[in-house]
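Undergrad: Let me give you the structure first, and then I'll get to my questions.
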Amino acid sequence: MSDASAPVAHQHAAPTGLLRKYVFSLDHKMIGKQYYGLALVSVFLGMILSWLMRFHLVWTNAAIPGLRLLSKNGAPGGVMTPEYYLSLLTMHGTLMVFFVLTNAPFAGFGNYFLPIQIGAEDMAFPRFNMMSFWVTFVAFLVLIASFFIPDGPPISGWTAYAPLSAVGKDAGPGLAWGQNLWAISIGLFCVGQLLGSLNFIATTLDLRTKGMTLSRLPISTWAWFITSCIGLLAFAVLLPACVLLILDRVAGTSFFIPAGLVISDHLQPHSGGSPLLWQHLFWFFGHPEVYIAIVPAMGIVSHILMASMRKPLLSVKVVYVSMIAIGFLSYMVWGHHMFLSGMNPFSALVFSFPTLIITIPATIITMIWIGSIYGANLRFHTPALFSLGFVSVFVAGGVSGFFLAQPSLDIYLHGTYFVVGHFHMVMGVAAIFGILAGTYFWFPKMSGRMMNDTLGKIHFWLTFIGVYCIFMPFHFLGFAGNVRRYSTFVDDYLQPLLPLHKFISIAAFVTGAAQLIFLYNLIYSRFKGAPAPENPWEATSLEWSTTSPPPFDNFGGRHIVVNHGPNEYGVDGAHGDFIMQDSPEPEPAAGD
Amino acid sequence: MQLSKSCTATLTALTFAAIVTAAPGGGTVTGKVTYTGTPAKPKPIDMAKEPSCAKQYTTPLMTENVVTGSGNTLEYVVVYISAGAPDESSAPSTAVTFDQKGCHYTPHVLAFQVNQELKVTNSDQTSHNIHPLAKINREWNKSQPPGTPPISEKYDKPEFISVKCNIHPWMHGWFAVVKTSHYAVSDGSGEFKLPNLPPGKYTLTAWHESYGTQTQEVTISGNETKSANFVFTAKPY
Amino acid sequence: MGKLLAVVLLVIAIGSAIPILMHTWWMPEDISSHGYMIDKQMSETMAESGIAFVAAQLVLAGFVAMFGDKKNGRKATHLPGGAKAVVIAAIALVGTEVLALGVFGKDAWAEVYFKKAATDALPIQVQAEQFGFYFRYAGPDGKFGPLHPDKIDEGNQNFFGLDPANDVESRDDIIAASLVIPVNKPISLMMHAKDVGHSFYVRELRIQQDFVPGLDIPMHFTATKVGKYEIVCTQLCGLGHYNMRAYLEVKSQEDFDQWLKQQSQ
Ligand code: HEM
Ligand SMILES: [Cu+2]
Ligand SMILES: [Cu+2]
Ligand SMILES: [Cu+2]
């Protein structure tokens, strides 16, 4: 373990051709940026879809200018049809969960920074790495293609519950080719993630530079490593599930379709399948997936918090153990999505228990973050603000988990906006805050230029307040029993809730518009930002020991030797209150 | 099969078409559709789930699978020339309209020609999805929110197409797509009339959604009016 | 900046708590015999989670206000007790909460799912389909006729696929578009899906249960208050999901008997 083999020589020389450099690049840094770029496109697309949804929910019969251009069938006269709402819902959820939350914090930042943080020149398998991105990119194109077929994207939600997703066109628009494209896209996505996860694991285990013991890995690398282990198992289950779904749809098998279903007056030619099988396979992936989104964000935020607080966390080891515990437990809780699905009711209690238990490591991590702030010297730059915001929304999303973890309360709350509020807070917003914190923090390294801090702060305040205005009221709607995935609210009991919906929609438009500030800042700073020094945040890990941006082989041929742990903040170092990992200076005296 | 037949008849078809348009007048077939036996009673439709529709009825709307009149007459029987007449090569330029009002299709059975424009309108305050379950033609399924423009569609092959709204499962109607301009749907007193038939020998087909089809031959010469009646056997269930 | 963040966190904590404390948007009044257990569980969970949420935000606010960078080289200090105290506190706090909620919470679940329906419960079959609910009562013979999926004919109001021509039991079965039940009488619902997955949700009854195609799922409850309520579908089932509903009419026993008599004519 201490052996930390010297990094293998770079398997490939710096490319000169444009195609090799920017497109089919083997360089982990370019691949990381490609993943990040794909996530950026997806997140804005997903956000625009959510605007259209929020608009339609409040002004149901109003025409949306331009929507007719996007879909003739989906918006006759510009008015969104119920099926088009569901198409947008499916695409919003799929884009956000797969192409944003998995791509950016894990594949994007992970690809760029994991090799640098361990002192390697590249990933273990650069060709696999390139392939994993391009497979993911094709998955994206296949998914987006569904917008351009006459029936539009599928209407079965990001969970694609069978038999709705399995029986084809009888069950509704978008369920013929739209659903095929979805299943193919997600299948490809799984392949990309499996390749990526293997690569991350091999790289972390094999390519650490001299002195980079496991305990000296920065916390973000730990998080990516743990996430790869979760992802390897999770995507390995979703992939066959997608294959079975495709077989049911095109080859006439009946894995998910029982006998005797009459859909639109058509007796389905299937028998013997079980809809619950899809739910088990999907959620066996689906629950770990939320940790695939959130664990890297936890790692990134911890990493940034230490650099902002100018002191280490109370105990990083406790955080590692908690993250591993979360990863492990995440495979035992999938049934909490199925309390009311007709499983044996005893199993609900069985799944409820680990679900409640998993809140313990999550609480420990949160309390470590908050507790570590005590006695800190917090620097409130933009990445720090987003990291602190992350802690706040993670708490908000976590406490609502207590409700949903209890089968007896799930009887009332399942299928309502409470769930929408819960997962947007704990998975959506929290992970997005992690991504934004990471972006403001690492942008100087990735581009060689600083982002504008004032614009960053404006962006933070609008976003932080905005997300609470959008997603907190979702919980209130849930308490009132407002069902989710409704394209219009026609039920009598929902009418008094419409003003609250209007408030949410307006908050969503404003918060969404605030993201344009971010986009502007990103693009402006890329070309016109102040040049970034090597180590603008006075941080310790190896990415700050090289130039901004790093050279092709990351350290310019230097052989990095690691002498220190990753969290030496608040110490008397040669250059300030910190010691870089590769600094030759001696270990400071223990204790304080 | 129908297709090859129509190919061989193309030449005569064109001639006949010319005659039909050139010389209205011609012969007429009229008749009455009746049944024997006991038909099922129409059942009341409970629209509780859609209050905006339910409140339009003081007495409940009844099912229309079998609609009878006094004297054992049958409504909504499509009577058309299935053989003998030329296939119409061009569809009329007027569109037919299928309206949704009070969560109910009017008319219950809409007959029109291959390639004729079909307009579906929504006069309700609620969304409907129009889902014609075509098996030979292309199947489609579209929602129509209130206040949106009519849906315009065409069918290019003859077929009896069951139409449903999934949002309101009781809503049910038929498209009778025929390839002749000589068709009629029997009215409330079971009567139908096919005017303007050039002289010739024809096969007349009557189609009822629950009781199937019947055919008979008629020969028309000159301007005569022939009568052709159909009698279906009703079933109680 | 730290002070500002602290104030915003404070406002968020208070702003979130007020509508909850005031029950501005809350569960409607319970009309079931078991619902009080769920309501009690809900209040307890709300109290514990609410306190946890507000406390966490307030501590976070306090710390960011107090420990901003003073630029004077102040030495970083550590929370008294360190990580050990934090871990012990977290395990103790969350552990007891988990145990309390888990152990006491199971009663409500057990009431709904482990108990069998009372023997005198009124059996009603409910079928979910795109996009509505239909209800079937056994009629005077007390027997439900068998279902034949190939006989389904919705235009003719045969939603269940009954074959009265051949099945004698089916002839007197009563089909309704609303769930009409007598008050204070146990109801035993047999849940059947015709096409895809759906769910049965009545907020006031504190009942929600999925329909799973291929499985017939039993469910039971007792309504304790006369009135008209909405039954809605909570499982995404296609384009008309938003409009998939029916009414639940809880009537006095006399009114119910009369309704039933009317229906079987
Ligand atoms: C711009 C901010 C966002 C807004 C305004 C927004 C809004 C919405 C709305 C209105 C729904 C539909 C709820 C329903 O009809 O049941 C929804 C669903 C969803 N959202 Fe978002 N969302 C946002 C960001 C995100 C993010 C960042 C994620 C990432 C996890 C996300 C993931 C999802 C998922 C997974 C669904 C469920 C889709 C389904 O039901 O199949 N959203 N969102
Ligand atoms: Cu889960
Ligand atoms: Cu309708
Ligand atoms: Cu449904």
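Undergrad: Considering segment A:373-399 alone, what residues qualify as being at the interface with chain C (Cβ under 7 Å from one of its Cβ atoms), surrounded by 24 or more Cβ atoms within 10 Å (Cβ to Cβ) and of a type in the set (Ser, Thr, Tyr)?
TA: Within segment A:373-399, just A:Ser392 meets the criteria.
Undergrad: Does segment B:120-132 contain at least one residue that is under 26 Å from B:Asp156 (Cα atoms) and in contact with a helix residue (DSSP H, G or I) (Cβ under 8 Å, 6 or more places away or on another chain)?
TA: The answer is yes, given that some residue of segment B:120-132 is under 26 Å from B:Asp156 (Cα atoms) and in contact with a helix residue (DSSP H, G or I) (Cβ under 8 Å, 6 or more places away or on another chain).
Undergrad: Tally the residues that are under 16 Å from B:Leu204 (Cα atoms) and out of contact with any strand residue (DSSP E or B) (no Cβ under 9 Å at 6 or more places or on another chain), restricting the search to segment B:67-114.
TA: Of the residues in segment B:67-114, 2 are under 16 Å from B:Leu204 (Cα atoms) and out of contact with any strand residue (DSSP E or B) (no Cβ under 9 Å at 6 or more places or on another chain).
Undergrad: Looking only at segment A:310-320, count how many residues are in a helix (DSSP H, G or I) and either within 23 Å of the chain's Cα centre (by Cα) or hydroxyl-bearing (Ser, Thr, Tyr) (or both).
TA: Number satisfying all stated conditions: 3.
Undergrad: Moving on. If the requirement is being within 30 Å of A:Asn563 (Cα to Cα) and either open to solvent by 20 Å² or more (accessible area, probe 1.4 Å) or more than 14 Å from chain C (Cβ to nearest Cβ) (or both), which of these qualifies: A:Ala176, A:Ala202?
TA: After applying the criteria, what remains is A:Ala202.
Undergrad: Separate question: Residues being within 14 Å of another protein chain (Cβ to nearest Cβ) and either open to solvent by 10 Å² or more (accessible area, probe 1.4 Å) or within 16 Å of ligand 2 (Cβ to nearest atom) (or both): count how many of those fall in segment B:90-106.
TA: Number of matching residues: 1.
Undergrad: Kindly state which strands (runs of 3 or more DSSP E) lie completely within segment B:78-179 and contain at least 3 residues that are more than 17 Å from A:Asp265 (Cα to Cα).
TA: The qualifying strands (runs of 3 or more DSSP E) are B:78-83, B:96-100, B:109-113, B:118-122, B:151-153, B:172-178.
Undergrad: Filter segment A:328-339 down to residues that are open to solvent by 10 Å² or more (accessible area, probe 1.4 Å) and more than 9 Å from ligand 2 (Cβ to nearest atom) and give me whichever is farthest from A:Tyr412 (Cα to Cα).
TA: If we take residues in segment A:328-339 being open to solvent by 10 Å² or more (accessible area, probe 1.4 Å) and more than 9 Å from ligand 2 (Cβ to nearest atom), then A:Phe328 is farthest from A:Tyr412 (Cα to Cα).
Undergrad: Among the residues of segment C:78-135, which ones are part of a loop (DSSP other than H, G, I, E, B), more than 16 Å from ligand 3 (Cβ to nearest atom) and surrounded by 14 or more Cβ atoms within 10 Å (Cβ to Cβ)?
TA: Residues satisfying the conditions are C:His78, C:Leu79, C:Ala117, C:Ala121.
Undergrad: Now, a different point. Given (1) more than 7 Å from every other protein chain (Cβ to nearest Cβ); (2) at pLDDT 85 or above; (3) open to solvent by 40 Å² or more (accessible area, probe 1.4 Å); (4) within 30 Å of A:Ser308 (Cβ to Cβ), where does C:Ala65 come up short, assuming only one miss?
TA: Of (1) more than 7 Å from every other protein chain (Cβ to nearest Cβ); (2) at pLDDT 85 or above; (3) open to solvent by 40 Å² or more (accessible area, probe 1.4 Å); (4) within 30 Å of A:Ser308 (Cβ to Cβ), only one is false for C:Ala65: (3).
Undergrad: Which one of the conditions (1) among the small types (Gly, Ala, Ser); (2) under 32 Å from the mean Cα position of the chain (by Cα); (3) within 15 Å of C:Val212 (Cβ to Cβ) does A:Ala259 fail to meet, given that it meets all the rest?
TA: (2)
Undergrad: Given the criterion out of contact with any Ser or Thr (no Cβ under 7 Å at 6 or more places or on another chain), more than 10 Å from chain C (Cβ to nearest Cβ) and not in a helix (DSSP H, G or I), identify the matching residue among A:Met332, A:Met323, A:Met343, A:Met306. Don't jump to the end; show me each part of the working.
TA: Working: A:Met323 fails: not in a helix (DSSP H, G or I); A:Met343 fails: more than 10 Å from chain C (Cβ to nearest Cβ); A:Met306 fails: not in a helix (DSSP H, G or I).
The conditions single out A:Met332.
Undergrad: Same structure, new question: Could you list, in sequence order, the residues of segment C:40-62 that are facing another protein chain (nearest Cβ under 9 Å) and either open to solvent by 60 Å² or more (accessible area, probe 1.4 Å) or among the charged types (D, E, K, R) (or both)?
TA: C:Glu48, C:Val59
Undergrad: Can you name every residue in segment A:131-157 that is in a loop (DSSP other than H, G, I, E, B) and open to solvent by 30 Å² or more (accessible area, probe 1.4 Å)?
TA: A:Ile149, A:Pro150, A:Asp151
Undergrad: Conditions: (1) touching a residue at least 12 places away in the same chain (Cβ under 8 Å); (2) on the phi < 0 side of the Ramachandran plot; (3) surrounded by fewer than 24 Cβ atoms within 10 Å (Cβ to Cβ). A:Thr454 meets all but one. Number of the miss?
TA: (1)
Undergrad: For segment C:216-257, name all the residues that are within 16 Å of ligand 3 (Cβ to nearest atom), out of contact with any helix residue (DSSP H, G or I) (no Cβ under 7 Å at 6 or more places or on another chain) and of a type outside the set (Gly, Ala, Ser).
TA: C:Cys237, C:His241, C:Asn243, C:Met244, C:Arg245, listed by residue number.
Undergrad: Turning to a different aspect of this structure: I'd like to know if segment B:130-138 contains one or more residues that are among the basic types (Lys, Arg), within 22 Å of A:Asp170 (Cβ to Cβ) and surrounded by fewer than 21 Cβ atoms within 10 Å (Cβ to Cβ).
TA: yes
Undergrad: Being assigned to a loop (DSSP other than H, G, I, E, B) and farther than 30 Å from A:Ile219 by Cα narrows it down to one residue among A:Val510, A:Val490; which is it? Working first, answer last.
TA: Details: A:Val510 fails: assigned to a loop (DSSP other than H, G, I, E, B).
Result: A:Val490 is the single residue among A:Val510, A:Val490 that is assigned to a loop (DSSP other than H, G, I, E, B) and farther than 30 Å from A:Ile219 by Cα.
Here is a yes/no grid of residues against (1) away from ligand 2 (no atom under 16 Å from the Cβ); (2) in a helix (DSSP H, G or I); (3) open to solvent by 30 Å² or more (accessible area, probe 1.4 Å):
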site: C:Gly161; (1), (2), (3): yes, no, no
site: C:Ser199; (1), (2), (3): yes, no, no
site: C:Lys228; (1), (2), (3): yes, no, yes
site: C:Leu239; (1), (2), (3): yes, no, no
site: C:Tyr242; (1), (2), (3): yes, yes, no
site: C:Ala246; (1), (2), (3): yes, no, no
site: C:Phe256; (1), (2), (3): yes, yes, no
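Undergrad: Any chance segment A:356-368 includes a residue that's within 7 Å of chain C (Cβ to nearest Cβ), touching a strand residue (DSSP E or B) at 6+ places or on another chain (Cβ under 6 Å) and touching a residue at least 24 places away in the same chain (Cβ under 8 Å)?
TA: Within segment A:356-368, not a single residue is within 7 Å of chain C (Cβ to nearest Cβ), touching a strand residue (DSSP E or B) at 6+ places or on another chain (Cβ under 6 Å) and touching a residue at least 24 places away in the same chain (Cβ under 8 Å).
Undergrad: Also, I was wondering about something else. How do the pairs read when you match residues in segment A:93-105 that are under 14 Å from A:Val429 (Cβ atoms) with residues anywhere that are modelled with pLDDT of 95 or more and not in a helix (DSSP H, G or I), using Cβ under 7 Å and keeping only pairs 6 or more apart or on different chains?
TA: A:Val97/A:Trp158
Undergrad: Given the residues A:Met91, A:Met96, which is the only one that is touching a helix residue (DSSP H, G or I) at 6+ places or on another chain (Cβ under 9 Å), assigned to a helix (DSSP H, G or I) and open to solvent by 10 Å² or more (accessible area, probe 1.4 Å)?
TA: A:Met96
Undergrad: Just for segment C:201-226: of the residues that are open to solvent by 10 Å² or more (accessible area, probe 1.4 Å) and in a loop (DSSP other than H, G, I, E, B), which one is nearest to C:Ala121 (Cα to Cα)?
TA: Residue satisfying both the conditions and the ranking: C:Thr224.
Undergrad: Run down A:Arg310, A:Arg249 and say which single residue is within 25 Å of C:Leu239 (Cβ to Cβ) and out of contact with any Leu (no Cβ under 7 Å at 6 or more places or on another chain). Can you show your working first?
TA: Numbers: A:Arg310 fails: within 25 Å of C:Leu239 (Cβ to Cβ).
From the options A:Arg310, A:Arg249, the qualifying one is A:Arg249.
Undergrad: Of everything in segment A:274-303 that's open to solvent by 10 Å² or more (accessible area, probe 1.4 Å) and more than 14 Å from every other protein chain (Cβ to nearest Cβ), which residue is nearest to ligand 1 (Cβ to nearest atom)?
TA: Per the stated criteria, the residue is A:Val290.
Undergrad: Pairs under 7 Å by beta carbon, first residue of a type outside the set (Val, Ile, Thr) in segment A:316-341, partner assigned to a loop (DSSP other than H, G, I, E, B) and crowded, with 21+ Cβ neighbours inside 10 Å, six or more apart or different chains?
TA: Here the result reads A:His336/A:Ala405; A:Phe339/A:His414; A:Leu340/A:His414; A:Ser341/C:Val212, each pair linking segment A:316-341 to a residue that is assigned to a loop (DSSP other than H, G, I, E, B) and crowded, with 21+ Cβ neighbours inside 10 Å.
The values are calculated or read from the model by the stated rules, or taken from the named source; none is laboratory data. Keep in mind it's a predicted model, so treat the numbers as computed, not measured. Backbone-built Cβ (ideal geometry, glycine too); neighbour counts: all protein chains shown. Side chains are part of the model used for accessible areas, which takes the heavy atoms of the whole protein and leaves out ligands, DNA and RNA. Shrake-Rupley method; radii C 1.70, N 1.55, O 1.52, S 1.80 Å.
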